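The next block holds one structure in the form of structure tokens; read it before the comments.
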Amino acid sequence: MTGHIFGRSTRTSPPVAVAGDGCYLIDADGKRYLDGSGGAAVSCLGHSNQRLRQALHAQLDRLAYAHTGFFTSEPAEELADRLIAKAPKGLERVYLVSGGSEAVEAAIKLARQYFVEIGQSQRHRVIARRQSYHGNTLGALAAGGNEWRRVQFGPLLVETSHIAPCYEYRDRQTGESLEAYGQRVADELETELQRLGPETVMAFICEPVVGATSGAVPAVPGYLRRIREICDRHGVLLIFDEVMCGMGRTGHLFACDEDGVAPDMLTIAKGLGAGYQPIGALLVSGAIYDAIAQGSGFFQHGHTYMGHPMAAAAANAVLSEIEDRDLLAAVRQQGDLLDRSLRERLGQHPHVGDIRGRGLFRGVELVEDRETKRPFDPSLRLHARIKALAFEAGLICYPMGGTIDGRLGDHVLLAPPYIISDAEIAELVDKLAGAIDGAIAGAQA
Ligand code: PLP
């Protein structure tokens, strides 16, 4: 290998992954890594899944690609039908793309086109939340709530403002009930709408369970319902970004099912292709679709690989695996076990402030001081130390560092495959605990 490829870091050269085996990845030296985060919450079925391999071979033998400017395809049609059959109420159409950022980008552009076509072209703003991530393309980046990701690319294309996340571990006041907290932070949307002028806002976007940027932080009871009410009152579209938390990750096919709230648009990716193919989807309400259909009849958008038959065939096989193996139940059961095991092992740890999440989507937040919840000094880069030590020990997990106002501490996101066994959960927790202890000892040395 000559080293001409470049990825995120120009300073590191990672090991070469050569094979996958269930919950493990194997590198060129034969070292095995337990995939405790499914990469970035992608590999929900683990690696080398038999049904996926067969489905992809069969599709390749039939049809690899047909441009959507000319054709639709059987796997794409089947996938759209299957997703809509299970989708939250009101979502009736599917726009297939190749990943999460593309899905969010399409949602933002569709929101804008929708309002232009119904004669409300003054609606151009987006409201999102701090400590959120919606992708790296310029529109999705504008929506994302990590200033450090955006700062060097401004001015961004979509005017976005950010309200508080729903992050009760850090923000709930003493004596405040979960419900009261949820209403309070949801009401920030109302305040922001009044500040901007509600008639200028097209959409509010959020993740029902925040993934990478905060480490599996679920909405508290009632929060999303209040958000829905506020959006409805002002004619603002509600977009749920379930790129990370969707496709069964929380124990429900769509995370918002658990909250009983349906959006106007919903994005999925990652687990949809489970890493076997790059695919994302935007699910759209009948009302939005109909407005475009009765207007220009054309969504002014598109990508060469959208609706790719191979990617759709993979997603259909993923859905079949989830259904036939009752994997949503497995996620709930193994998620409970993971949660219990984390609490047993780390619940009393002097530097573990919070353990949270839903299903097989869990987060562990680290603090220097449990009482005050003071995070570690960001310059210690505790998250990077944990990642490195875990990796050395043969565990893939997804740590992230404090990012905003020093309020958000280091955390580790866990999102293992839905097929993870009891023994593998024990191994995960053991290796994670070792990496956390080693990293803290190293940082304090
Ligand atoms: N939205 C959310 C919530 C994500 O977590 C991510 C990726 O981590 C994205 C969007 C972007 O997806 P992709 O990396 O597939 O473009």
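A few remarks follow.
- Residue match in segment 206-229 (condition: more than 30 Å from L338 (Cα to Cα), away from the ligand (no atom under 11 Å from the Cβ), in contact with a Pro (Cβ under 9 Å, 6 or more places away or on another chain) and not in a strand (DSSP E or B)): yes
- Lone qualifier among G90, G69 - being in contact with a Ser or Thr (Cβ under 6 Å, 6 or more places away or on another chain) and surrounded by fewer than 17 Cβ atoms within 10 Å (Cβ to Cβ): G90
- Any chance P417 is part of a loop (DSSP other than H, G, I, E, B) and buried (at least 20 other Cβ atoms within 10 Å of the Cβ): yes
- Restricting attention to segment 152-189, the residues that are touching a residue at least 12 places away in the same chain (Cβ under 8 Å) and part of a helix (DSSP H, G or I) add up to 15.
- Of the residues P218, P198, the single one that is surrounded by 22 or more Cβ atoms within 10 Å (Cβ to Cβ) and either out of contact with any Lys or Arg (no Cβ under 9 Å at 6 or more places or on another chain) or at pLDDT 95 or above (or both) is P218.
- Cross-chain or 6+ apart pairs with Cβ under 7 Å, segment 98-117 first and of a type in the set (A, V, I, L, M), then in a loop (DSSP other than H, G, I, E, B): A103/V243; A103/A269; V104/H134; V104/G135; A106/H301; I108/V158; L110/F299
- Qualifying residue in segment 254-262 (condition: closer than 21 Å to T160 by Cβ and either acidic (D, E) or part of a loop (DSSP other than H, G, I, E, B) (or both)): no
- Being of a type in the set (G, A, S) and in contact (Cβ under 8 Å) with a residue 24 or more places away in the chain is a property that A85 lacks.
- Checking each residue in segment 143-163 for being surrounded by fewer than 17 Cβ atoms within 10 Å (Cβ to Cβ) and away from the ligand (no atom under 15 Å from the Cβ) picks out E147, W148, V151, Q152, F153, G154, P155, L156, L157, E159, S161.
- Among the conditions (1) touching a residue at least 24 places away in the same chain (Cβ under 8 Å); (2) within 25 Å of F71 (Cα to Cα); (3) in contact with a helix residue (DSSP H, G or I) (Cβ under 9 Å, 6 or more places away or on another chain), R225 misses just one, which is (2).
- Taken together, the criteria place A281 among residues that are small (G, A, S), within 16 Å of the ligand (Cβ to nearest atom) and not in a helix (DSSP H, G or I).
- I288 being closer than 18 Å to E117 by Cα and either within 12 Å of the ligand (Cβ to nearest atom) or not in a loop (DSSP other than H, G, I, E, B) (or both): yes
- Among residues of segment 109-142, those that are closer than 18 Å to D264 by Cα, more than 12 Å from the ligand (Cβ to nearest atom) and not in a loop (DSSP other than H, G, I, E, B), counted: 12
- Residue within segment 144-151 that is modelled with pLDDT of 95 or more and either part of a strand (DSSP E or B) or farther than 22 Å from L266 by Cα (or both) present: no
- Hits in segment 238-252 (condition: out of contact with any Cys (no Cβ under 6 Å at 6 or more places or on another chain) and buried (at least 24 other Cβ atoms within 10 Å of the Cβ)): I239, D241, E242, V243, M244, C245, G246, M247, G248, R249, T250
- Failed condition for R249, given (1) within 23 Å of P416 (Cα to Cα); (2) assigned to a helix (DSSP H, G or I); (3) charged (D, E, K, R): (2)
- Flag if R345 is surrounded by fewer than 22 Cβ atoms within 10 Å (Cβ to Cβ), in contact with an Asp or Glu (Cβ under 9 Å, 6 or more places away or on another chain), of a type in the set (D, E, K, R) and in contact (Cβ under 8 Å) with a residue 40 or more places away in the chain: yes
The values are calculated or read from the model by the stated rules, or taken from the named source; none is laboratory data. As the structure is a prediction and not an experimental result, all values here were calculated from the model. With ideal geometry, Cβ positions are generated from the backbone for all residues, glycine too; neighbour counts draw on all protein chains shown.
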